[in-house]
Amino acid sequence: MSLNKNSLFSNIKYDFPAGLVVYLVALPLCLGVALASTGRSDLLFSGIIAGMIGGIVVGSLSGSSLGVAGPAAGLVVIVLNALDTLGSFEAFLLAVVIAGILQVIAGLMKAGIIGYYFPSSVIKGMLAAIGITLILKEIPHAFGYDADFMGDEAFDQKDGQNTFTELFNSVKYSSIGAIIISAVSLGLLILFDRPFMKKIQLFRFVPGALFVVVIGILLNVAFAGIFPAWTLSGDHLVQLPVATNASEFFGFFKTPDFSAFTKVEVYTVGLTLAIVASLETLLSVEATDKLDPFKRSTPTNRELIAQGIGNITSGLIGGLPITQVIVRSSANIDSGGRTKLGTITHGTILLLSAVFIPRFLNFIPLASLAAILLMVGYKLSKFSLYQGMFRLGKEQFIPFIVTIIAILSTDLLKGIAVGMVVAIYFILRKNSKHSYHYVKEEHRDGEVITLILSEEVTFLNKGSISATLDHLPDGATVIIDGSKSLNIDYDVLEIIQEFQKHSAPLRNITVETKGIDTVETVGGH
């Protein structure tokens, strides 16, 4: 597989269909996150605005070829609490602008380097967990139970339910019409994913997801005429705000309340949004790069700047805060996207459809869109991923599994934090074993023990070296050789010096050092 780099439009035959699929995935997610974040149906369009900006503005400025930005479920609780604290949506929009400014500053200060320090086991655990979460969360929508918003990632829901009780409720309150539509949709998606279907020229350019949506609409129309009780309506369909004229459409856009500049709470919310949105973005960037079939690397500092400009723009015109999101990015990759044109295409279609065909979009059953997301979830959490991680050994597999369990039982950021703690434990454990080489030799004058320090000896090696010195036999002759070390942290030098001056003489241990600098010990005796 080769990549044509001649121009932005060189890969349009791949990027346009991928952008269309991402649009179909993003539309219900933008609306769902908006409703969950604000609790107000009159602010649903704020999610669409964020999706447009994430696609067009962030997509154009970002260095990520396949990453897709938009409103994120991970910010829902923060937005809800912020609206309650600030008292108005317009004051909140100012906080979004401030968050964007802080992200731009962070990018200029090279803070994007943080993104390179997430262990691979945790990132792959995050991908698998998001895949399982998508499956568990979309099954209720596939059954026609749409009490929770599409795109929710948290275990505990704001309606008092959780992921598992929602599954039980979906069986209890299922809809035959939704089940038929989702089953047919899944069947079509599986068919379109077969190699022989991809050889048909039409289906290379028109994605299966589009057929699924059209068939879903036609089935629901047929139900209305044949089996009215099976017909899906209201909350079971996409609910995009519809403007009757241009004035009403532009009324969907709002501007920040700049008089709120004097409120300390605005800056607190802005800082919180900037930190959380940046972390989610950097995590998604790392995950997207791992999924990229061309193995390209996204410049993280440029990504923070692009996200910052996106949030500034979104806040100025009435949109929700933006992050890069793995579900939409994964859909882009799975659909064959190759360059950022796919991302820009999805944002452009969001804008055009909201302007010209909002009434048609409101015929789309959520069951059809749930089937698309179920396929995305399956591809993120394939059994082969678990097999591959298991073969890498417990140092990779345990953090991977812990990350999955933690995300499924809490939410994305808390789960990542738990996975990071476990991964760091294994890193420290492994690091402590390789800080030096221990050699014991019998000489004419007795036993000589040589500790040959590694090239890089950091504070992370402090515990293992200290423990080794404490367990040296009394009366031994010890050579601590740092001549091959390129760097030895002050913490380690201090331990060696303290041992040589104080502990060793008390135990009749003779210490000789090579390449070990003398340091000033602060607070020593």
### Query
Please state the relative contact order of segment 54-209 as a whole percent: Cα pairs under 8 Å, 6+ residues apart?
15
### Two-decimal Rg/Rh across the chain, once Rg and the Kirkwood Rh are taken from alpha-carbon atoms
1.10
### Query
Percent antiparallel among DSSP beta bridges with both residues in the chain, to the nearest 5?
50
### Task
Using only the Cα atoms of segment 189-253, build the gyration tensor, take square roots of its eigenvalues as a ≥ b ≥ c, and label the shape rounded, prolate or oblate: rounded if a/c is under 1.5, else prolate if a/b is larger than b/c, else oblate.
oblate
### Query
Can you list the HN-Hα couplings for segment 71-87, worked out from phi with the Karplus curve (6.51, -1.76, 1.60; θ = phi - 60°), rounded to whole Hz and with x for Gly and Pro?
x, 10, 5, x, 9, 4, 5, 4, 5, 4, 5, 5, 4, 5, 6, 8, x
### Task
Measure off, as a whole percent, the carbon and sulfur share of the 1.4 Å-probe accessible area of the chain, all protein chains present.
63
### Task
Calculate the dipole size of segment 75-182 relative to its Cα centre from +1 charges on Lys and Arg beta carbons and -1 charges on Asp and Glu beta carbons; express the result in debye to the nearest 20.
400
## Note on the structure
Longest principal axis of the chain (C-alpha) makes with the long axis of helix 176-192 (C-alpha) an angle, in degrees to the nearest 10, of 60
### Task
Restrict the search to segment 112-187; then list the trypsin sites (Lys or Arg not before Pro) that DSSP places in a loop and that have at most 16 other Cβ atoms within 10 Å of their Cβ.
LYS158
### Task
Hand me the trypsin sites (Lys or Arg not before Pro) from segment 398-507 located in a DSSP loop with no more than 11 other Cβ atoms within 10 Å, in residue order please.
ARG444
### Task
Calculate the dipole size of the chain relative to its Cα centre from +1 charges on Lys and Arg beta carbons and -1 charges on Asp and Glu beta carbons; express the result in debye to the nearest 20.
1920
### Query
Relative contact order of segment 131-176: what whole-number percent is it, with Cα pairs under 8 angstrom and at least 6 residues apart?
48
### Message
Can you give me the angle between helix 366-380 and the longest principal axis of the chain, using Cα atoms only, in degrees from 0 to 90, rounded to the nearest 10?
### Response
20
### Task
Enumerate the lysines that LYS462 could reach by cross-link, defined here as Cα to Cα under 27 Å, with residues fewer than 8 away along the same chain left out.
LYS394, LYS430, LYS433, LYS440, LYS484, LYS501, LYS514
## Note on the structure
segment 91-149 accessible area per residue, 1.4 Å probe, protein heavy atoms, integer Å², reads 32
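Taking a 1.4 Å probe, which of GLU442, GLU455, GLU265, GLU395 shows the most accessible area, and what order do the others take after it?
Largest accessible area first, the list is GLU442, GLU455, GLU265, GLU395.
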### Task
Taking the Cβ of VAL266 as the centre, find all other residues whose Cβ is under 15 Å away and add up their charges (Lys, Arg: +1; Asp, Glu: -1).
-3
### Query
Order of 382-389, 110-117 by packing, highest average Cβ count within 10 Å first?
110-117, 382-389
### Task
Divide the volume of the convex hull of the Cα atoms of segment 3-63 by its number of residues and quote the answer in cubic angstrom per residue.
88
### Query
Taking only DSSP H segments of four or more residues, each worth -39500 (n - 2.57), what value at 222 nm results for the chain once the sum is divided by all its residues, to the nearest 500 deg cm²/dmol?
-18500 deg cm²/dmol
#### Entry: In degrees, nearest ten, helix 341-356 long axis to first principal axis of the chain (Cα)
30
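Classify segment 50-200 as rounded, prolate or oblate from the Cα gyration tensor: take a ≥ b ≥ c as the square roots of its eigenvalues, call it rounded if a/c is under 1.5, otherwise prolate when a/b beats b/c and oblate if not.
Here segment 50-200 falls in the oblate category.
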### Query
For segment 7-80, which chymotrypsin sites (Phe, Trp or Tyr not before Pro) are both in a DSSP coil and crowded by at most 15 other Cβ atoms within 10 Å?
PHE9
### Message
Relative contact order for the chain: what percent, with Cα pairs under 8 Å and sequence separation of 6 or more?
### Response
27
### Spin-label zone in segment 415-429 - amide nitrogen under 19 Å from a point set 7 Å from the Cα of ILE275 along the C-beta vector
415-421
### Query
So for segment 365-493: antiparallel DSSP bridges make up what percent, rounded to the nearest 5?
55
### Message
Please report the spacing between the Cα centers of segment 97-123 and segment 210-243 in Å, no decimals.
### Response
42
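The values are calculated or read from the model by the stated rules, or taken from the named source; none is laboratory data. Keep in mind it's a predicted model, so treat the numbers as computed, not measured. Here Cβ is always computed from backbone atoms with ideal geometry, including for glycine, and neighbour counts include all displayed protein chains. The area values use the complete protein model at the heavy-atom level, side chains included, leaving out ligands, DNA and RNA. Shrake-Rupley method; radii C 1.70, N 1.55, O 1.52, S 1.80 Å.
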